[in-house]
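This report refers to the structure that appears directly beneath it.
The values are calculated or read from the model by the stated rules, or taken from the named source; none is laboratory data. Everything numeric in this text was worked out from a predicted model, so none of it was measured. Methodologically, a virtual Cβ is constructed for each residue, glycine included, from the backbone with ideal geometry; neighbour enumeration extends over all protein chains shown.
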Amino acid sequence: MSSTTPTAPSLPSLHDFFAPGGVLSRSPLPYEFRRGQLEMAQAVERAIAERRHLIVEAGTGTGKTLAYLLPALRACAATGHRVIISTGTKNLQEQLFFKDVPFLESLLGPLAVCYMKGRANYLCRHKLFALRNQPILSGLEEISQYQAIAEWEKTTETGDRAEIDDLPEASLLWAKLDARSEACLGQTCPDYQRCFITEMRRRAAESDVVIVNHHLFFADMAVRQAAGGAPDAGVLPEAGIVIFDEAHELEDVASSYFGVSLSNVRFEELARDVETLLRASGDLKSEIVTASQMIRERARMFFAALPTRTDASARGNFNEGRMPFINREEFLESQGDVYLGVLNALHRMESELERVKNGEEAQPLRRRTGMVREQLKFLMESQDRNTVFWLERRGGRQSSTHLQATPIDVSEILRELLFENYPSVILTSATLTVQSGFTHIRKRLGLSEARELVVPSHFQYGRQALLYLPPEMPDPREPNFPEEAAQRIRSMLSITRGRAFCLFTSYQQMRDLYERLLCEVGYPLLLQGTAPRKALLEEFRATPNAVLFGTSSFWQGVDVQGEALSCVIVDRLPFAVPSDPVVQARMRAIEEAGGKPFFEYQVPSAVITLKQGFGRLIRSLDDRGVLMLLDPRLERQRYGRIFLESLPPYRITRNIADVEAFFEQA
């Protein structure tokens, strides 16, 4: 493997780096020898050297990023095999590249490492130039954003939208300008050599270690699978080793990319891009304008005819807005003309694009139109038994309806495409075990042959954290639960002086408790949804005694150290909603195979989610705080023992006086 910036030729051994008196101890950062960190690093290096898979639960505070980064770099130097490191979030991805790698370079010298994001994060210069002087920008806001992006394009080296601080997260303009593959002209594009994706690929090809996120990794894998393994199909370079950090997320992310999704917005974007790109190249004919308008009209009729939300999906949990689409045959019988109208409109567009003389712009659009048509046929007509079909309606600035197909079981897909394709795959996270075992995660991911390692946390949970289980709480399903929960939360916040996360499994419950406490708690209350997640976290850190009310997105990937976060309150055990179409289908599949879906799927999944939520509290050796779980089922139901045996060794109390004493000791 060629590299313009070779990996440092004399990398220290793991012992020389991590052990007392070693390279790490001589760094300017505070050092404390962590036996678990060295143990994990040795296990990673051994697995890579012996071409084995490895699964490691490394408790918070282990220092697991360095424990896999150094073995990865040593493997590159020894074998020439490239390593891909995949993280669950962009935040961790950026922390690795902008913090951990520079720290290693300060100790070891220059390293050939790069990072890659999904194509939608990058600007497409061809689209930007095509939009110039075209009347499809919506209002002054988009015109202003376009001008800012056009100026930024002249100076940016990466094309990464993260560089534009003022661009709203939900910018509708960016979707018209990003570099997603379905609108890409590839090497026929006049801007190919100056393309930010081309440059990203070039950097990756010259790197020993490539840092990505799970979404990009599985999107790339799905594209390659659809293209029959063609080497140029994806954006990621070839690699011999893959390391997944935050590996507890793999099943959900892989499921989304090995499924199929079509929305009304996809059809609108297709028609818009056809008109925009062909107008810019001078190939827009009246027949194509008519065909694109037909796509818009027929798609609107089709999505309007789809079933609306049913009572079965009306619960206000993480996945509100989802519903099964189990009556597709009945829909086709009653609305077959509407469905055929969309297929015919797409077929007509393919025919019109085939007739365009200058095929450089038209042929990628024709392929894209054909792909949408094939996906729609699969979504409406497929009888695949390992697929669940469902609908999701999303609100926001651009409301949309999504027709979805998701694999019920991804274990066989991952076994074939991941674990049999790479000599060594390393999975790590702070939350992978249930009752100290990996049975659940291995079964869900299809990982049959792998070494295992559990590295206890470096933190002293018995001293640093107290788990309070308030007595005499009603079942969360009882009508008086919200009132009792509000009373317990109010009492806790008066002891902790705010400084808390209140984490909920339901948007409705979150809003209800927020409104009940808003006028009763004398501390600043922040509510998810009132500002972007990043802005809320910054406000929480900057606001003394703040309390943040959040749902799923705040249960993991959030790091607030120090006294600002001294309490985490969880309303109920985070069971997946049984009416969710994907959960429903997976439980049914386990039952049909003779298993017990509640104990084999729902309980282990909820254990891992609860461990993630509680994991927000203790983030350093100096952190102290209290956890409160308001759900009495932890002690009243026999499955509660599974949760308690899976949690870190917190000190547990049912006496509020112990909580008061805990904070008096601070």
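The test for being under 23 Å from residue 213 (Cβ atoms), at pLDDT below 90 and either assigned to a helix (DSSP H, G or I) or outside the structural domain of residue 24 (by TED's automatic domain parsing) (or both) holds for residue 169. Note on segment 192-299: enclosed helices (runs of 4 or more DSSP H) holding 2 or more residues that are in contact with a Pro (Cβ under 6 Å, 6 or more places away or on another chain) are 196-205. Only one entry in 356, 388, 410 is farther than 20 Å from residue 251 by Cα, buried (at least 19 other Cβ atoms within 10 Å of the Cβ) and β-branched (Val, Ile, Thr), namely 356. Does residue 108 count as touching a residue at least 24 places away in the same chain (Cβ under 8 Å), more than 22 Å from residue 423 (Cβ to Cβ) and either in contact with a Phe, Trp or Tyr (Cβ under 6 Å, 6 or more places away or on another chain) or crowded, with 20+ Cβ neighbours inside 10 Å (or both)? It is false that residue 108 is touching a residue at least 24 places away in the same chain (Cβ under 8 Å), more than 22 Å from residue 423 (Cβ to Cβ) and either in contact with a Phe, Trp or Tyr (Cβ under 6 Å, 6 or more places away or on another chain) or crowded, with 20+ Cβ neighbours inside 10 Å (or both). Taking residue 584, is it crowded, with 18+ Cβ neighbours inside 10 Å, farther than 17 Å from residue 624 by Cα and touching a Gly at 6+ places or on another chain (Cβ under 7 Å)? No, not satisfied.
A single entry from 631, 658 fulfils the requirement of being more than 23 Å from residue 456 (Cα to Cα), assigned to a helix (DSSP H, G or I) and either at pLDDT 95 or above or touching a helix residue (DSSP H, G or I) at 6+ places or on another chain (Cβ under 7 Å) (or both): 658.
Within segment 485-535, the set of residues being of a type in the set (D, E, K, R), farther than 18 Å from residue 563 by Cα and touching a residue at least 40 places away in the same chain (Cβ under 8 Å) comprises 488 only. Among residues belonging to segment 490-548 that are of a type in the set (Gly, Ala, Ser) and touching a strand residue (DSSP E or B) at 6+ places or on another chain (Cβ under 7 Å), point out the one that is nearest to residue 395 (Cα to Cα). Applying the filter and picking the extreme gives 506.
Within segment 204-234, track down each residue that is more than 19 Å from the chain's Cα centre (by Cα) and in contact (Cβ under 8 Å) with a residue 24 or more places away in the chain. Across segment 204-234, the qualifying residues are 204, 205, 206, 207, 208, 209, 225.
Scanning segment 24-40 for residues that are more than 28 Å from residue 560 (Cα to Cα) and in contact with a Pro (Cβ under 9 Å, 6 or more places away or on another chain) turns up nothing. Residue 252 meets all of the listed conditions (1) surrounded by fewer than 20 Cβ atoms within 10 Å (Cβ to Cβ); (2) closer than 21 Å to residue 97 by Cα but one, namely (2). Please indicate, with yes or no, whether at least one residue in segment 54-77 is touching a Leu at 6+ places or on another chain (Cβ under 9 Å), without any contact (Cβ under 8 Å) to a residue 12 or more places away in the chain and part of a helix (DSSP H, G or I). No, segment 54-77 has no match at all. Once segment 190-222 is narrowed to residues that are among the β-branched types (Val, Ile, Thr) and under 17 Å from residue 250 (Cα atoms), the residue that is surrounded by the most Cβ atoms within 10 Å (Cβ to Cβ) is 211. Is it true that residue 92 is in contact with an Asp or Glu (Cβ under 8 Å, 6 or more places away or on another chain), modelled with pLDDT under 90 and closer than 20 Å to residue 243 by Cα? The answer is yes for residue 92.
Quick grid of which residues meet (1) surrounded by fewer than 16 Cβ atoms within 10 Å (Cβ to Cβ); (2) farther than 25 Å from residue 536 by Cα; (3) assigned by TED's automatic domain parsing to the domain that holds residue 60:
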residue	(1), (2), (3)
469	no, yes, no
473	no, yes, no
490	yes, no, no
494	yes, no, no
502	no, no, no
505	no, no, no
513	no, no, no
516	no, no, no
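For segment 6-16, the condition holds for no residue, the condition being that it is within 26 Å of the chain's Cα centre (by Cα), of a type in the set (A, V, I, L, M) and modelled with pLDDT of 90 or more.
Say whether the condition of being in a loop (DSSP other than H, G, I, E, B), at pLDDT below 90 and either among the acidic types (Asp, Glu) or surrounded by fewer than 16 Cβ atoms within 10 Å (Cβ to Cβ) (or both) is met by at least one residue in segment 32-53. Among the residues of segment 32-53, at least one is in a loop (DSSP other than H, G, I, E, B), at pLDDT below 90 and either among the acidic types (Asp, Glu) or surrounded by fewer than 16 Cβ atoms within 10 Å (Cβ to Cβ) (or both), which makes the answer yes.
Here segment 122-162 is the region considered, the condition is being closer than 19 Å to residue 272 by Cα and part of a loop (DSSP other than H, G, I, E, B), and the residue that is modelled with the highest pLDDT is 124.
Restricting to segment 591-628, name every residue that is in a loop (DSSP other than H, G, I, E, B), free of Cβ contacts under 8 Å to residues at least 60 places away in the same chain and small (Gly, Ala, Ser). Across segment 591-628, the qualifying residues are 593, 594, 595. Residues that are in a helix (DSSP H, G or I) and over 25 Å from residue 92 (Cα atoms) within segment 418-439 comprise just one, 439.
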